[in-house]
1. Nearest 10 degrees, 0 to 90: what angle lies between the long axis of helix 198-213 and the longest principal axis of the chain (Cα atoms)?
2. May I ask which residue of 143, 180, 11 lies farthest towards the positive end of the charge dipole of the chain, with charges of +1 (Lys, Arg) and -1 (Asp, Glu) on Cβ and the Cα centre as origin?
3. Set the bar at 18 Å for Cα to Cα. Now go through 21/139; 57/85; 66/202; 13/135; 135/166 and name every pair that lies beyond it.
4. As a check on your grasp of the helix formula, calculate [θ] at 222 nm for the chain: sum -39500 (n - 2.57) over DSSP H runs of n ≥ 4, divide by the residue count, round to the nearest 500.
5. How large is the charge dipole for the chain, taken about the Cα centre, if only the Cβ atoms of Lys, Arg (+1) and Asp, Glu (-1) carry charge, to the nearest 20 debye?
6. Kindly rank 135-143, 31-39 from highest to lowest mean number of other beta carbons found within 10 Å of each residue.
7. Please state the shape class of the range 162-249: rounded when a/c is under 1.5, otherwise prolate if a/b exceeds b/c and oblate if not, all from the C-alpha gyration tensor.
8. Assuming a viscosity of 1.002 mPa s and a temperature of 20 °C, what translational diffusion coefficient in µm² per second does Stokes-Einstein assign to the range 98-243, Rh being the Kirkwood radius over Cα pairs?
Amino acid sequence: MLERNDVMNTLYKGIAEMTDKFGFAPVFPEGVKKNELPLKARGENACFIDYVGNSGKLRLLYSDGKIFLLLGEPDAPDEDDKAFKKLATTLMILDEYDERDVRSALNELCDTLDEQFGVKELAKKNNKMPATVSKSAAKSGALSYDPLTLGSRIVGVYPELKAAYKENIDTYGEFLPEDFFVNHANERILETIRANEPKQMKKLFNQLCDIYDNGTNETQNLIAVTILGAIHNNAVLMKNIMPYLSDSMLDPVIEVNKILGKSKSARNRLAHPPKYKPKKKKNFAASALGQQ
């Protein structure tokens, strides 16, 4: 079982480099020394750490089994979080989660800070990874989750897939989701569904449901067909996932699995997606002459 203050201390130390980089300094409550955790308690079920900087007031909040990263005006009040906007929300159920979940939450917080305050460039020869869609952008409706973000979030659930994810992008110069899921990620996802361990199932399906409900059509198809379609309508596995599907996912996932359960040719096409064809570079001269 995790201790709340230990979790907050790990996150506080883990994001220190990022908060320093983006000009945020922790606010130390009266009586708390500079080398101590600047934690403020709010009743029995919540606590927070505030930071101040030119971009406003940043708040790292634990409340009712969740970690929040909030951003508000410099004078946003201590006692009320409504004056802040949510940058990130991560489950942190103390009596169910362990240190791996804390590390996963820390990675998400660092990514969120980088997305909000840093500059992410698309992949170039310097091997920088392409930018994913942030939660704040998806929730606001400014952008929808894309396949790249789906892959990145699955790597957050299964860190051992990070090398395969990066190799996929390096090999093709872009993210090829069918290759990543069919040849790498689906195996790990199906292992989780077979084991049906509640904590890991929640962790997986919290990501899949969020991405599906706020994703592009292509991304939704990847989840319903390429990933969950790999169940092939197996009765036990379908029963395992039912409690975790969002309302919008339920009917598509059931229908896809009915088709794949009956059609061997459809299963073969799913297991052997078309070979990758690089995008053709547009010939602007030919286009202008009407030859393309």
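1. 70 degrees
2. Comparing the listed Cα positions along the dipole, 180 ranks first.
3. Where the Cα-Cα span goes over 18 Å, the pairs concerned are 21/139; 13/135; 135/166.
4. For the chain, the value works out to -13500 deg cm²/dmol.
5. 1520 debye
6. Top to bottom by mean Cβ count within 10 Å: 135-143, 31-39.
7. Since a/c reaches 1.5 and a/b is larger than b/c, the shape of the range 162-249 is classed as prolate.
8. 134 µm²/s
Quick note: the coordinates plus some simple rules give every number you see, no bench work behind them. Given the structure is predicted, the values throughout are model-derived calculations rather than measurements. Methodologically, a virtual Cβ is constructed for each residue, glycine included, from the backbone with ideal geometry; neighbour enumeration extends over all protein chains shown.
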